[in-house]
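Peer 1: Would you mind keeping the following structure in view while I ask a few things?
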Amino acid sequence: MKARIQVLACKACTEMPQLLDMDDLMNVASERELVVSSMLVDRVCDPKIIKRVVAEASERDVDRVLVLACQKKDVNPGLLAAYKRAGVNEFMVEYINLRDEVILPHISDKERAQAKAETKAVAGLERLLMLQPLEKAEEVMRTKNVVILGGGVAGRKAAEVAAAEGAHTIIIEKSGSSHKTPGVIMPNSTLLGAKGYGGNFVLSIKAGEKVEELECAAVVVATGGGWAELKGPLAKAFKSAVPLYRLHEQMQTGAVPKGPVVIVDSPDPAGKTLAVQDFAWDDTLELAIDLKKQQPLEEVYVVFQEMRAFGLSELAYKDAAELGVRFIRYDRAAGPKIDPKEPTKLTVKDLAQAEVLTIPIGTLAFAAIPANKDNIGIATALRIPMSPEGGVRRGSIQRWPVSTPRPGVFVCGSAMFPKSKDMAEAEGEAAGLMAGKFVMKGVIEYGGVVAEVAQEKCSACLTCVRTCPYDAPYIGSAGKVEIRIQACQGCGMCAGICPSKAIELRGSTDDQIAQETRTMLGGDF
Amino acid sequence: MKTGSNLEKVFESGKFAVTAEIGPPQSANPEPLTHHAKMLKGYADAFNLTDNQTAVVRLSSIASAVIIMREGIEPVIQMTCRDRNRIALQSDLLGASALGIRNVLCLTGDHQIFGNEKASKSVFDFDSVSEISVFDKLRREGKQAGGQEIKDPPKVYLGCAENPFATPYEFRATRLAKKVAAGADFVQTQAIFDMDMFEKWMDEVRARGLDKKVHILAGVLPMKTAGAARYMKNKVPGMIVPNQIIDRMKNAKDSKEEGIKLCVEQIETLKAMKGVHGVHIMAVMWEEMVPRIVEEAGLLPRPSIE
Amino acid sequence: MIVAKRKPMAEIAEMVAPYKTVKVIGCRSCVAICLAGGEKEVKMLVSALRLKAKKEGRKQEFEGLVVERQCEKEWVEEVEGKILDSDLVLSMACSLGAQTIGDMYPKKIVFPALNTGIFGVPEEQGVWSEKCVGCGNCIIHTTGGICPIARCAKSMLNGPCGGSSNGKCEVNLEVDCAWYAIHERLKLQNRLDLIEQVSPPKDWSTSHSGGRRVYVRDDAKLTQHQKKGKEAVR
Amino acid sequence: MSERKPKVVGFCCEKHGIDSAILAARSGRQYDASVRIIKVPCTGRVDGIHILQALEDGADSVFVLGCLEKNCHYDTGSIEGRKRVEYVKSTLADLGIEKERVEMFNASSTMAWKFPEIVSKMVDVARRLGPIGKAGGDR
């Protein structure tokens, strides 16, 4: 059956009709072969309009749609749902973000913007013709179990919150002690290994002398941590240096730190004696703000190689800066130094100004978090990646900070240390909530944009198996690669690296990418 | 004059040169060498000392050369690429030159599979063409293969071998041209039995003007029996022995006499051939016949050039 | 497996410059696995060469193809038409593949795009190390499973040379001394007696030193009778 | 040649890469229209072939934009992306084609300034070097 395309353009944003000649654009699109319906509407998100366009799509037997508007996530999801009901596969609806990719950035360049928009529409139409309908599938989770590794503050909180969501929680605690929490506690037990994927894991757990298999849908890593002994040259030179949490504690009891406060990221900037897992980014900001509020006239220096303040922390960073906290960025190669003969001053080359600063020290605190030795075992068992520093690697900020790159595995606790009890609980709460919600979906949704193997081309070279962060490719019984689609996240790394070009990512194949590139390059703008 | 070796002088004088072969013994006894040297003195312009010929372990070519030099005759040492890498080859060349050896014949070498150390690891770091070019550069520019410059480069007259009877035939003159381009001063050919074929090769050699650039020693080999002739025809790769020669040996009353006669006839033919500058007599295990052959071929006395 | 490496692009570009119709043929076997000559590398090379031709204003046609195993005639035959239709075949297989095509189509010019290097083991993704030189007479049962012929720079047979220091080779301090490793391994296995005796000189005649080798499995060979039958079918 | 419009292709990941471009647009930043954004799920999806083919098809310069390496949506995707870009760059250099025609960048979704900066850099390269195969840019 030949493709039947509907082109749908939205002129809701004020800039669009001002900048673009929408009729011309529609003409370019509708003149293309196989376009059976083209509609320029006032607001594509309007339910009434949705009803109208989908009705037309139905009537004209449309099987694929080009939406010229803004980005997919800004468009009313009702549109896609309506198309779905009308029998249009959701992967056959292509959104072209004219607003953010053409109109807003080229407001002053009307002529080129028009040509660019037209070319994008053509490329979108061509892409539509290359798309295949994709299906999503569901696998039922066999249990509602959330396994929590570690029964500390964070772990217990995670258990409590996950249980409140309706999950069954099981805390794996390496010590014999137990606390009162909902669900089961397995004392004296450790994780040995894990099979499966998020939603349906089978964990192998050593409980006392026995090894047990335990099915679960999600895992929360909530192992504890600790401060390393301060033994770097700075700590040696400045005898009363303390870890950040100690300073925090002192302040909770109402103590006032002496003189100017310097917070350095590592007790050993050369990084030779201590495997540092993470730095207490947020706590540093929080503490610096508190200090400044308490003693506005006393200097607070934050001497970090870099300061990471993502999301809401950015506001904290802004507050701190406004309160006068001095942030000094340095290069690892030229870290801060304290002359043991004059241990009241710290010298550091400021990366931004390229000048050597001499900072008076009253109180010195270190914000480095050493790696927890248990991490390796857990990471190996769950096949989750670790940071080079020995920490459990977290998912990207977009994937939420208590996630790991592996779906169904969440993290708090270990990497949270040395947060205050409040912060540990907050993270435990977040991880528990995410795990609980994950489990309570009851099904693993998979499919859609996933990798696909042309087995006849596969050389079984293992490159994809080694590269995939999600453990999705494996060598199947035919001696060729297969994809565990339940695990596949659709990134396409395997497709990009396969030396035999045996893997394609649905919806983003080599041909599709090449065609789109060629068409875009063919446009005169 | 590159080295002033006797062989070079004979060639330069335009006289018809004669060289012969002395096989070093398979022992540490120098006696056979001195014996042959005494016996052959005055019957050829220079004598080749083979280098572990057919990959059989023998007293070394350089040492043999020194031994015969003591008897007052001039050696041509042979250096194959089979057993030495470029370090050893260059080192031995320096050593040979220091010992007063002036003529060096560059060869790739017979494969060890033919000899009495079949298990040995082959070297073949160079082939004969690269060997010649490296040696030539070393003597002319004082520059080693690796680029290192040396003081007091070796003084040597460089020879090579060529077989007109190996396949592909049309490449054989080209191959000689390559060796000449690489720096060879003289060439000795494989033993010639098929005179027509040799003549054809010489046509090509002359057409390329190679006979003007390199001194050609035509190889001759006196045979004792028809069996030897047949063996060479059938078993030695790159040897062509026409049937009429085998028949002639077979039908002769005294095959040894016939062999000498044949060899002398061949030399007569070669003497008359344009572009041939001399003969190389390979009397393997029959060195005592060399004086007679040289004499009967009318090549005595050997010139003495100052 | 056989490990190869793409020749420097500049060298390849120079090689192919005079030819108009160039077929770049890869292989899905060893060279794909060692990331040197699979379909991906073929496509990259084709694209790169097109760019080069474009840059220099040359009219050349490049086409990329891949066969399952370029060292085997039957697989090569699948692209026979393309080969016959070329001025140059640029082989992205190991030298075996390039030579197979050359032997099958002697009139066709076949150039190698790869340098065939080693019998290597993938130590980790992207790292291959030589562990065998194909000497034809394996002795690793006497050396703790470690081949000194391949893994010792001097192919020694009687323990490490005097250049072994801190378990590393004098030739390359990044590389482990094979004999140090053999010693450690045999110690671990309580078999150090194996290397106490003087080991006799190795027989190199089974290696390339014995001349070009042809391995034959008689019971697998087709008889003349069988071959005739096959020919008739084809 | 001064009339010629440069052609720049930007393979942008659908996560931070495209988000940074969208944020740039929404914060009112303008950039040269020459850039052709090609969305890919992740820069790890980008194959050197895509980059080379873009150059073949007439791009003067190509960039790949992914998440920050330590905060990649797909964990290691932008590290993979960078490796692919580096391989293409070395291939180009080896062929005598300016390797600065191809670059890898990283941005987070909050870096509104970054995308216009990247575009201006790559448009600059495109103008300076001009098309591959024809002499001179539009200087």
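Peer 1: Report whether or not C:Val76 is surrounded by 16 or more Cβ atoms within 10 Å (Cβ to Cβ) and either touching a residue at least 24 places away in the same chain (Cβ under 8 Å) or within 14 Å of chain D (Cβ to nearest Cβ) (or both). Please lay out each step first, then the result.
Peer 2: Working: surrounded by 16 or more Cβ atoms within 10 Å (Cβ to Cβ): yes; either touching a residue at least 24 places away in the same chain (Cβ under 8 Å) or within 14 Å of chain D (Cβ to nearest Cβ) (or both): yes.
Here the answer is yes, as C:Val76 does meet what is asked.
Peer 1: In addition: D:Ser20 is checked against (1) touching a residue at least 24 places away in the same chain (Cβ under 8 Å); (2) in a loop (DSSP other than H, G, I, E, B); (3) among the small types (Gly, Ala, Ser) and fails just one. What number does that condition carry?
Peer 2: So the condition that D:Ser20 fails would be (2).
Peer 1: If B:Gly238 passes every condition in (1) of a type in the set (Gly, Ala, Ser); (2) more than 22 Å from B:Gly159 (Cβ to Cβ); (3) surrounded by fewer than 16 Cβ atoms within 10 Å (Cβ to Cβ) but one, which one does it miss?
Peer 2: Unmet condition: (2).
Peer 1: Among (1) more than 8 Å from chain A (Cβ to nearest Cβ); (2) more than 17 Å from A:Ile96 (Cβ to Cβ), where does D:Val35 come up short?
Peer 2: (2)
Peer 1: Look through D:Lys121, D:Lys70, D:Lys99 and report the one residue that is within 13 Å of chain A (Cβ to nearest Cβ) and either without any contact (Cβ under 8 Å) to a residue 24 or more places away in the chain or on the phi < 0 side of the Ramachandran plot (or both). First the steps, then the outcome.
Peer 2: Working: D:Lys121 fails: within 13 Å of chain A (Cβ to nearest Cβ); D:Lys99 fails: within 13 Å of chain A (Cβ to nearest Cβ).
Matching residue, one of D:Lys121, D:Lys70, D:Lys99: D:Lys70.
Peer 1: I need the full set of residues from the range A:280-295 which are farther than 14 Å from A:Phe327 by Cβ, touching a Lys or Arg at 6+ places or on another chain (Cβ under 9 Å) and not in a loop (DSSP other than H, G, I, E, B), in order please. First the steps, then the outcome.
Peer 2: First pass over the range A:280-295, keeping only residues farther than 14 Å from A:Phe327 by Cβ: A:280, A:282-283, A:286, A:290, A:293-295.
Applying the additional criterion that residues be touching a Lys or Arg at 6+ places or on another chain (Cβ under 9 Å) yields A:280, A:282-283.
Passing the criteria: A:Asp282, A:Asp283.
Peer 1: Looking only at strands (runs of 3 or more DSSP E) that lie completely in the range A:318-397, which have at least 1 residues being modelled with pLDDT of 90 or more? Steps first, please.
Peer 2: Values: elements: A:326-329, A:345-350, A:355-360, A:363-366, A:368-370.
In the range A:318-397, A:326-329, A:345-350, A:355-360, A:363-366 are the strands (runs of 3 or more DSSP E) which contain 1 or more residues that are modelled with pLDDT of 90 or more.
Peer 1: List the number of the failed condition for D:Leu65; all other conditions in (1) closer than 24 Å to A:Tyr470 by Cβ; (2) surrounded by fewer than 19 Cβ atoms within 10 Å (Cβ to Cβ); (3) under 11 Å from the mean Cα position of the chain (by Cα) hold.
Peer 2: The single condition D:Leu65 does not satisfy is (2).
Peer 1: Can you tell me which residue among A:Ala121, A:Ala113 is crowded, with 19+ Cβ neighbours inside 10 Å, within 14 Å of another protein chain (Cβ to nearest Cβ) and under 24 Å from A:Leu80 (Cα atoms)? Please lay out each step first, then the result.
Peer 2: Values: A:Ala113 fails: under 24 Å from A:Leu80 (Cα atoms).
From the options A:Ala121, A:Ala113, the qualifying one is A:Ala121.
Peer 1: Say whether the condition of being among the β-branched types (Val, Ile, Thr), outside the structural domain of A:Ala218 (by TED's automatic domain parsing) and either within 15 Å of D:Lys70 (Cα to Cα) or in contact (Cβ under 8 Å) with a residue 60 or more places away in the chain (or both) is met by at least one residue in the range A:378-399.
Peer 2: First pass over the range A:378-399, keeping only residues among the β-branched types (Val, Ile, Thr): A:378, A:380, A:384, A:392, A:397.
Within this subset, residues satisfying the condition of being outside the structural domain of A:Ala218 (by TED's automatic domain parsing) are none.
For the range A:378-399, residues among the β-branched types (Val, Ile, Thr), outside the structural domain of A:Ala218 (by TED's automatic domain parsing) and either within 15 Å of D:Lys70 (Cα to Cα) or in contact (Cβ under 8 Å) with a residue 60 or more places away in the chain (or both): absent.
Peer 1: Same structure, new question: Residues in the range D:83-96: is at least one within 7 Å of chain A (Cβ to nearest Cβ) and outside any helix (DSSP H, G or I)?
Peer 2: From the range D:83-96, those within 7 Å of chain A (Cβ to nearest Cβ) are D:84; that's our starting set.
Then keep just the ones that are outside any helix (DSSP H, G or I); that gives none.
No, because not a single residue in the range D:83-96 is within 7 Å of chain A (Cβ to nearest Cβ) and outside any helix (DSSP H, G or I).
Peer 1: Given (1) modelled with pLDDT of 95 or more; (2) touching a helix residue (DSSP H, G or I) at 6+ places or on another chain (Cβ under 9 Å); (3) not hydrophobic (A, V, I, L, M, F, W, C), identify the lone condition not met by B:Asn85.
Peer 2: Going through the list (1) modelled with pLDDT of 95 or more; (2) touching a helix residue (DSSP H, G or I) at 6+ places or on another chain (Cβ under 9 Å); (3) not hydrophobic (A, V, I, L, M, F, W, C), B:Asn85 breaks only (2).
Peer 1: Another one. Filter the range A:35-58 down to the residues that are more than 36 Å from the chain's Cα centre (by Cα) and in contact (Cβ under 8 Å) with a residue 40 or more places away in the chain, then identify the one that is surrounded by the fewest Cβ atoms within 10 Å (Cβ to Cβ).
Peer 2: In this case the residue turns out to be A:Glu56.
Peer 1: Further question on the same structure: Within the range C:1-57, which residues are away from chain D (no Cβ under 14 Å), among the polar types (S, T, N, Q) and not in a loop (DSSP other than H, G, I, E, B)?
Peer 2: Looking only at the range C:1-57, we keep the residues that are away from chain D (no Cβ under 14 Å), and these are C:1-4, C:18-23, C:25, C:27-34, C:37.
From what is left, the residues that are among the polar types (S, T, N, Q) are C:21, C:29.
Of everything in the range C:1-57, just one residue is away from chain D (no Cβ under 14 Å), among the polar types (S, T, N, Q) and not in a loop (DSSP other than H, G, I, E, B), namely C:Thr21.
Peer 1: Within the range D:1-30, work out how many residues are facing chain A (nearest Cβ under 7 Å), crowded, with 20+ Cβ neighbours inside 10 Å and farther than 16 Å from D:Ala107 by Cα.
Peer 2: Counting residues in the range D:1-30 that are facing chain A (nearest Cβ under 7 Å), crowded, with 20+ Cβ neighbours inside 10 Å and farther than 16 Å from D:Ala107 by Cα gives 2.
Peer 1: Here is a follow-up. If a residue must be facing chain A (nearest Cβ under 8 Å) and out of contact with any strand residue (DSSP E or B) (no Cβ under 6 Å at 6 or more places or on another chain), how many such residues does the range D:46-66 contain? Lay out the reasoning, then the answer.
Peer 2: Going residue by residue through the range D:46-66, those that are facing chain A (nearest Cβ under 8 Å) are D:46-47, D:49-50, D:53-54, D:57-59.
Subsequent filtering for residues that are out of contact with any strand residue (DSSP E or B) (no Cβ under 6 Å at 6 or more places or on another chain) retains D:47, D:49-50, D:53, D:57-58.
Count: 6.
Peer 1: Taking C:Leu35 and the conditions (1) surrounded by fewer than 21 Cβ atoms within 10 Å (Cβ to Cβ); (2) among the hydrophobic types (A, V, I, L, M, F, W, C); (3) in contact (Cβ under 8 Å) with a residue 12 or more places away in the chain, which numbered condition does it fall short on, given that it satisfies the others?
Peer 2: Checking C:Leu35 against (1) surrounded by fewer than 21 Cβ atoms within 10 Å (Cβ to Cβ); (2) among the hydrophobic types (A, V, I, L, M, F, W, C); (3) in contact (Cβ under 8 Å) with a residue 12 or more places away in the chain, the one that fails is (1).
Peer 1: Of all the residues that make up the range A:59-71, how many are surrounded by 15 or more Cβ atoms within 10 Å (Cβ to Cβ) and either without any contact (Cβ under 8 Å) to a residue 24 or more places away in the chain or more than 14 Å from chain D (Cβ to nearest Cβ) (or both)?
Peer 2: Within the range A:59-71, the first condition is being surrounded by 15 or more Cβ atoms within 10 Å (Cβ to Cβ), and the residues that meet it are A:62-71.
Okay, now just the ones that are also either without any contact (Cβ under 8 Å) to a residue 24 or more places away in the chain or more than 14 Å from chain D (Cβ to nearest Cβ) (or both), so A:62-68.
Result for the range A:59-71: 7.
Peer 1: Hey, can you tell me all the residues within the range A:498-523 that are farther than 22 Å from A:Leu462 by Cβ, out of contact with any strand residue (DSSP E or B) (no Cβ under 7 Å at 6 or more places or on another chain) and within 14 Å of chain C (Cβ to nearest Cβ)?
Peer 2: Residues satisfying the conditions are A:Thr509, A:Asp511, A:Ala514, A:Arg518.
Peer 1: Now, a different point. Which condition number does C:Trp128 fail, the rest of (1) touching an Asp or Glu at 6+ places or on another chain (Cβ under 8 Å); (2) under 24 Å from C:Val3 (Cβ atoms) being met?
Peer 2: All conditions are met except number (1).
The values are calculated or read from the model by the stated rules, or taken from the named source; none is laboratory data. Predicted, not measured: the structure shown is a model, and the values here were computed from it. Note that we place each Cβ from the backbone using ideal geometry, even for glycine, and neighbour counts take in every protein chain shown.
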